[in-house]
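Q: Provided herewith is a single structure, encoded as structure tokens, for subsequent inquiry.
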Amino acid sequence: MDINRLGKEIQYYRKLRGLSQQELAGSICNQSEVSRIEAGKVFPTLQILYYMSLKLKVPITFLLEASMREREDYIREIKEWIDELVSHKNYEEVYELARAELKQDYVLNDEALFSYINWRYAVASYQTGHITVDQCIKKIEQSLVQTEEKFMNMAEGLDSKMRNSLAILYAEKQNYEKSFDCYETIIKQEKMLETDPSFLPKVYYNYGKTLFDCGSIEEAEKIVNQGIRQSVQCGNMLYIGQLYYQRGCCKEERNEASAGTDFIKAYSYMDEMGKENMKKIILQKKRDYFNYESAAQLYPLYPVKKL
């Protein structure tokens with residue numbers, strides 16, 4: 001077991017949570033014990049490690065694995081953890097974690113990892129108000145140039161994910177031409193199907209929403225339909241609820257009666273996947289389309305509740 005690595009992990013999360021060594025020790029142990037653990041001089045008992053993990057809000061399994069895993073495993077888990085934080089929009093934690101990781105020698109010496117963390121750090125910095133949208137775009141574009149020079153990074157689809165971030169940022173600046181160029185480049189490559197089946201449907205949704213927001217309703221619906229087909233083909237339904245919702249919005253703009261069908265389908269998929277916030281948004285914005293009779297008619301075998 002690598003007690004030095006464990007000590008550094010505990011120290012990092014203690015500082016991230018704003019705790020002193022004395023505050024972390026609390027009723028668990030004394031402050032000098034925390035100091036020795038962080039310095040890698042002693043390995044804590046499982047009981048002490050468990051109560052520390054509760055205070056640090058980190059699973060004890062993560063801390064145990066930190067003392068055992070090789071660097072490759074650590075890198076994989078760091079990336080998975082950052083991705084998980086991003087999926088829940090915990091940008092403050094992503095910002096702090098990425099900023100700390102960018103100071104580590106193993107990150108600076110690994111071009112693929114550095115590009116990944118630098119991209120996540122740029123987006124988190126913008127989302128938390130540390131930099132402007134223009135500064136964020138510049139940082140991602142720089143990372144993208146570096147990424148495209150490395151085949152391995154491209155094989156992982158990192159360049160496509162960076163372009164997706166750029167497309168969203170360009171749209172925020174109403175630079176729709178550049179936003180659309182980014183989406184088209186991603187779709188033409190389609191390499192993310194192998195490494196991340198949910199990514200391309202997400203791109204179709206973002207692309208369709210951007211087209212809709214700038215008034216290109218017909219084009220938006222075409223792109224959304226491609227996203228729905230892609231979701232079905234790859235068997236990944238993570239974004240199909242959002243895609244049906246966006247298609248419903250397109251139909252609503254043209255006063256088509258079938259818009260309600262898409263909104264109810266969207267709600268059903270959100271319900272099935274446990275996306276409570278999205279369900280609330282659909283009900284708040286499109287409640288007029290929902291009544292028990294219409295939902296039951298569309299889904300006679302689905303246990304639709306009265307809303």
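The values are calculated or read from the model by the stated rules, or taken from the named source; none is laboratory data. Quick caveat: nothing in here was measured; it's all calculated off a predicted structure. All Cβ positions, glycine included, derive from the backbone under ideal geometry; neighbour counts span all protein chains shown. These area figures cover heavy atoms from the full protein model, side chains too; ligands, DNA and RNA do not enter into them. Shrake-Rupley method; radii C 1.70, N 1.55, O 1.52, S 1.80 Å.
Q: Please work out which residue is nearest to M273 (Cα to Cα), limiting yourself to region 214-240 and to residues that are open to solvent by 30 Å² or more (accessible area, probe 1.4 Å) and among the charged types (D, E, K, R).
A: R229
Q: Does any residue in region 226-238 that is closer than 10 Å to K202 by Cβ and in contact (Cβ under 8 Å) with a residue 40 or more places away in the chain come within less than 7 Å, Cβ to Cβ, of a residue that is open to solvent by less than 60 Å² (accessible area, probe 1.4 Å) and outside any helix (DSSP H, G or I) six or more places away or on a different chain, and which pairs are these?
A: Once the first residue is closer than 10 Å to K202 by Cβ and in contact (Cβ under 8 Å) with a residue 40 or more places away in the chain and sits in region 226-238, its partners that are open to solvent by less than 60 Å² (accessible area, probe 1.4 Å) and outside any helix (DSSP H, G or I) give L238/S198.
Q: Could you list, in sequence order, all residues of region 86-118 that are of a type outside the set (S, T, Y), modelled with pLDDT of 85 or more and open to solvent by less than 10 Å² (accessible area, probe 1.4 Å)?
A: Once the filter is applied, which keeps residues that are of a type outside the set (S, T, Y), modelled with pLDDT of 85 or more and open to solvent by less than 10 Å² (accessible area, probe 1.4 Å), region 86-118 yields V94, L97, A98, I117.
Q: If I28 passes every condition in (1) at pLDDT 90 or above; (2) of a type outside the set (F, W, Y); (3) open to solvent by 50 Å² or more (accessible area, probe 1.4 Å) but one, which one does it miss?
A: Among (1) at pLDDT 90 or above; (2) of a type outside the set (F, W, Y); (3) open to solvent by 50 Å² or more (accessible area, probe 1.4 Å), the lone unmet condition for I28 is (3).
Q: If you scan region 130-140, which residues turn out to be open to solvent by 70 Å² or more (accessible area, probe 1.4 Å) and assigned to a helix (DSSP H, G or I)?
A: The answer is D134, Q135, K138, K139.
Q: Moving on to the next point. Test L46 against the stated conditions and say whether it is more than 23 Å from the chain's Cα centre (by Cα), modelled with pLDDT under 85 and open to solvent by 100 Å² or more (accessible area, probe 1.4 Å).
A: Yes: the conditions hold for L46.
Q: Evaluate the following for I140: is it modelled with pLDDT of 90 or more, within 19 Å of the chain's Cα centre (by Cα) and closer than 20 Å to I82 by Cβ?
A: Against the criterion (modelled with pLDDT of 90 or more, within 19 Å of the chain's Cα centre (by Cα) and closer than 20 Å to I82 by Cβ), I140 qualifies.
Q: Just need a number here: residues in region 130-142 that are in contact with a Leu (Cβ under 8 Å, 6 or more places away or on another chain) and more than 14 Å from L166 (Cα to Cα).
A: Of the residues in region 130-142, 0 are in contact with a Leu (Cβ under 8 Å, 6 or more places away or on another chain) and more than 14 Å from L166 (Cα to Cα).
Q: From the list L243, L211, exactly one residue is part of a helix (DSSP H, G or I), over 17 Å from T261 (Cα atoms) and open to solvent by less than 40 Å² (accessible area, probe 1.4 Å). Which is it?
A: Only one candidate passes the filter, namely L211.
Q: Another one. Y207: among the hydroxyl-bearing types (S, T, Y), within 24 Å of S268 (Cβ to Cβ) and touching a helix residue (DSSP H, G or I) at 6+ places or on another chain (Cβ under 9 Å), yes or no?
A: yes
Q: Here is a follow-up. Report, by residue number, each residue of region 119-129 that is among the aromatic types (F, W, Y) and either surrounded by fewer than 19 Cβ atoms within 10 Å (Cβ to Cβ) or in contact with a Ser or Thr (Cβ under 9 Å, 6 or more places away or on another chain) (or both).
A: W119, Y126
Q: Can you find even one residue in region 249-271 that is under 22 Å from L169 (Cα atoms), buried (at least 18 other Cβ atoms within 10 Å of the Cβ) and either among the charged types (D, E, K, R) or at pLDDT below 90 (or both)?
A: no
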